[in-house]
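The structure appears below as structure tokens.
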């Protein structure tokens, strides 16, 4: 029996062979093995299976985060993020603003990037563009403006911004 380190090394070698191969059969073999692993995981470790499926969802999106990833990022923002998930969701719904747009971003990515834009740039926007104190900017105007700037990042035509890379995921 191989040690854990030997198995990890062998797995990475096989993964690299598959990833660099142009042979579809190699990809199917790798995928079929992972299907079997996922069936086992769903039956024995459903929370872990859900987390893995969440991470695989990133294949469908240009900018995607799981709820768990998003909550961790927002909780660690400095300065503190202005919008909890619930407060943000209520603001977006009250203004009739969409929270997802395939394939550009899912709701968790938008929530995180809006908080990022706010914490990084809101004071500068208030001081230099709107020329009024941040506290005097109406909440709906602030949400709409921050959302527009977040969408500039999330829908960047050059694809220079990737939320997963930006936050080291």
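The structure-derived value of mean projected area of the Cα convex hull in nm² appears in the list (i) 9.2; (ii) 13.3; (iii) 15.8 under the label (ii).
To the nearest Å, what is the center-to-center distance of the stretch 14-42 and the stretch 118-169, using C-alpha atoms only? Their Cα centres are 40 Å away from one another. Mean residue ellipticity, 222 nm, helices only, the chain: the sum of -39500 (n - 2.57) across DSSP H runs of n ≥ 4, divided by residue count and rounded to 500, is -20000 deg cm²/dmol.
Mean-square fluctuations from a GNM of the chain, with a 10 angstrom spring cutoff on Cα atoms, peak among 37, 99, 18 at 18.
Cβ-Cβ distance of residue 36 and residue 131, R₀ of 45 Å, FRET efficiency by 1/(1 + (r/R0)^6): the value works out to about 0.15.
Computed over the chain with a Gaussian network model linking Cα atoms closer than 10 Å, the most mobile of 35, 89, 159 is 35. The tail of the calculated P(r) for the stretch 67-166 beyond 16 Å holds 55 percent of all Cα-Cα pairs. Relative to the dominant Cα principal axis of the chain, helix 24-44 is inclined by about 80°. Mean sequence separation of contacting Cα pairs (under 8 Å, at least six apart), scaled by the length of the chain, corresponds to a relative contact order of 20 percent. Each residue, residue 89 and residue 156, gets one label point 7 Å from its Cα in the Cβ direction; the gap between the two is 2.9 nm. Could you state the angle between the C-alpha long axis of helix 4-20 and the longest principal axis of the C-alpha atoms of the chain, as a value from 0 to 90 degrees rounded to the nearest 10? Value to nearest ten degrees: 80. How far, in degrees from 0 to 90, does helix 107-124 lean away from the longest principal axis of the Cα atoms of the chain, to the nearest 10? Relative to the chain, helix 107-124 is tipped by roughly 40 degrees. Annotation: peptides 149-155, 163-169, ranked by per-residue average of other Cβ atoms within 10 Å with the highest first, follow the order 149-155, 163-169.
Each reported figure results from applying straightforward, stated rules to the coordinates on display, with no laboratory input. All values derive from a computational prediction rather than experimental measurement. Positions of Cβ are backbone-derived with ideal geometry, glycine not excepted, and every protein chain shown enters the neighbour counts.
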